[in-house]
Structures are given as structure tokens and as C-alpha cells.
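The structure under discussion appears below in the form of C-alpha cells.
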Amino acid sequence: MSDSRLDILAESARNRGLKLARSRVRTPGKRRFGKVGLTDAKGKPLFGMDAKGPMATPDQVEEYLRNLDAKDWGASLDVAVMPRRKKASAAANDSKEAPKAPPKPKLRLRDAKPSDAGRIVELIGQLEHDIDEKSVGRNLRELNKAGELPIVATLDKQVVGLIGRHLMVTVHRPAPVGRIPVLVVAQDARGQNIGRMLVEAVEQWCREQGCQLIEVTSNDRRAEAHAFYRHLGYERSSIRFFKRL
């Protein structure tokens, strides 16, 4: 097991308020060589630990952390928990047939277009970014030239979600790196898995471009968004810096 993977696993544990315990056995082939476990912030054993120390594999710890996220992601960016249907009472069965509910609007994903600029400004405003419609229109034209138009989600032709996509070639990577620079779903449209579908659409696009890795940019303050990405299998691996020019 490489030290780099264990370092990433330790960082993932710290992001959840936990600590990664590593086996002190350094001889390959011995029973606890390469084993790890989890403790709480005070060192109390939580997972993969016994009286002699760590006893779980890194894969087992990674799976535990992902399942831990799944328990508390209900407040994340876009999660749907559907209520159970109530059984119809005998009296209801005897009454007249209830009128049929109107069909739900169908969700569609498509490339953004210039006429979406006004609505895109509204959505971006939910992320506290200040940009005007003219600037969005100009950016859409440039992204169209680069083949990197954002993808929008629509319900009844109304744009309710937006995700950006970007391809980045760097000298230290053997393949292009995909990037999600922005993702937002309208507040009144959340709970319908729109965020998940937008992310999956960009992931598929990145695969088609030959990417082996995809990165996400998310503000430090957006804990709900972080929980959403972790639920989809993303791991925090770096710190982002910026400087205004």
C-alpha cells in the first residue's frame, strides 16, 4: 500500500472529524502489516480496531467512510427522499375515482444557449457570484468555440440547473484532466436528482475526451455541496489558492 494513498485516506478521515490509525508492523507478510483503522477525535476506536491495534484493510476503511457520508447527505445539494404512498382506505375505494394528477414535467439535459443567459445569471446568483447577462453571453460564445458549453437541465422548458465543464492538459498528467467549475440547481427544483444527473453527464463527456481524472471546484463554505460530492465518490485531495489580478 503506497504512502500517498494512506495520506489521502487520512485526509478523508480528518474531513469527517476522525483519525486514521496505521499499523506499526513494518515487515511484509506479518499479520497486521498494512492494516489501518479509524478512531474518533479523542482516539476512541471506531472501526477496524481491536485491543492490539488496526486490523482493517484500506479498502474497508474507504468503504466505511463512504457509507458514513451516505447516512448524513440528506441536506446536500440535491437529494431526493420519496415519501411512502399511503394505502387507500376502503371508503376511498368506494368513492368516485379521484381525478388523475397532471403528468410531471420531463427533465431534459442540453447544451446551454445564448437565450439562457438571463436565467443562468439568476442561478449563478445563488452561488453569490456577481455577473451580468452580457458577460454570461460573451462567456457562452467563448465556451462554444472551445467545445465546452455548460450543460443545463430543464423542466417544462425552464432552466433549473447548470453545470460547467472544462478540459485541462497539464505537463504532469498523462491524460487530460476534466473539471467541474460550477454546479447549481434551483432551490425549488432540488430533491429530484438533478444535480446527480448533471454530474454524471459531465463525467461521461470527460471519459469521451480521454480523461482519467475529474476535479471539482467548491467553495470552502459550502459544506452541503461537499457532502453531495463525497456521496458521488469524490475525495478531497488538495487545497485551492487564488489571487486577484
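We did not get these values from a lab; they are worked out from the coordinates using the rules stated. Keep in mind that what you see is a predicted model, and the values were worked out from it rather than measured. Here the Cβ is made from the backbone with ideal geometry for all residues, glycine too, and neighbour counts use every protein chain on show.
See the values below:
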item: Extension gain from Asp111 to Ile131, taking 0.36 nm per residue of separation minus the Cα-Cα distance; result: 5.2 nm
item: For the stretch 123-245: relative contact order, % (alpha-carbon pairs under 8 angstrom, 6 or more apart); result: 19 percent
item: Largest to smallest principal axis extent of the C-alpha atoms in the stretch 3-71, angstrom; result: 35, 25, 16
item: Test item: Cα-centred dipole of the chain, Lys/Arg +1 and Asp/Glu -1 on Cβ, debye; result: 820 debye
item: Between helix 58-71 and the chain: long-axis angle, C-alpha atoms, 0 to 90°, nearest 10; result: 40 degrees
item: Student exercise, the stretch 3-71 dipole from Lys, Arg, Asp, Glu Cβ charges, in Debye to nearest 20; result: 400 debye
item: Under 17 Å from the Cα of Lys19 - aspartates and glutamates, other chains or at least 8 residues apart; result: Asp3, Asp7, Glu11, Asp40, Asp50, Asp59, Glu62, Glu63, Asp69, Glu235
item: Cross-link pairs beyond the 20 Å C-alpha cut-off, checked among Lys134/Lys157; Lys113/Lys157; Lys113/Lys134; Lys106/Lys157; result: Lys134/Lys157
item: Sparse-neighbour loop sites [trypsin sites (Lys or Arg not before Pro); the stretch 145-196; at most 12 other C-beta within 10 Å; DSSP]; result: Lys157
item: Radius, Kirkwood style, for the stretch 107-231 when every pair of distinct Cα atoms is counted (Å); result: 15.1 Å
item: Binned Cα-Cα distance frequencies in the chain - 5 Å width, integer %; result: 1, 5, 10, 13, 14, 13, 11, 9, 8, 6, 5, 3, 1, 1, 0, 0
item: Structure-based [θ]222 nm, the chain - -39500 (n - 2.57) summed over DSSP H runs of at least 4, per residue, nearest 500; result: -10000 deg cm²/dmol
item: Sites Arg24 and His172, calculated FRET efficiency, Cβ-Cβ separation with R0 35 Å, nearest 0.05; result: 0.60
item: Relative contact order of the chain, pairs being alpha-carbon contacts under 8 Å that are 6 or more residues apart, as %; result: 17 percent
